[in-house]
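Okay, structure first, notes after.
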Amino acid sequence: MISTRRRLATRAAGLLAFVAFGTAAAGCASLGRATFKEPDVQLKEVVVTGLGLTGGSVDVVLSVHNPNGYKLDALSMTYQVDIDAIKLGEGELDGRFVVPERDSSTVRLPVRFTYAGLGAAGRALMQSGSVNYRVRGDFTVSTPIGNFTRPYDRTGRYSTMTGNAR
């Protein structure tokens, strides 16, 4: 009788410890998500890397700022680049990159385009030297408190005269 009570007490204690551990782990994950600050993604520049008869290629250069007190290890990043509401290109970044704590890293996104796809946006860029842009997608980062996938979406105006985005 005593051994049966001990076994039941041991099982109950083990179950209680398991439930307490699970609750604590869930609480830590929720706290981690609450303390995770979104990285700031900004268009830094657009670099023409090639031009041909039917189109070309550009590198869209982004600045990714990490406001967190720990490094972000980017596992993947998708992107779509629009010029004056016309889709220029899209893709997924092949390599991983790290953004140090409270610092920034530069990320180059290769984009291929056709002149037919650009149409009016290409003419506007050639005539006025500036166009509206939108860069969007999502990124997955590994942190000490777990993996996070978050969207990003930035708009602005790019000027070839000043060589930068606003």
**Report entry** Unique residue being touching a Pro at 6+ places or on another chain (Cβ under 8 Å), β-branched (Val, Ile, Thr) and closer than 24 Å to VAL141 by Cβ when the list is VAL41, VAL111, VAL64, VAL98
**Finding:** VAL64
Query raised in the report: LEU8: loosely packed, with under 15 Cβ neighbours inside 10 Å, farther than 27 Å from TYR158 by Cβ, at pLDDT below 50 and not assigned by TED's automatic domain parsing to the domain that holds THR155, yes or no?
Result: no
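The values are calculated or read from the model by the stated rules, or taken from the named source; none is laboratory data. The model shown is predicted, which means the values in this text are computed figures rather than measured ones. Note: ideal-geometry Cβ built from the backbone for every residue, glycine included; neighbour counts use all protein chains shown.
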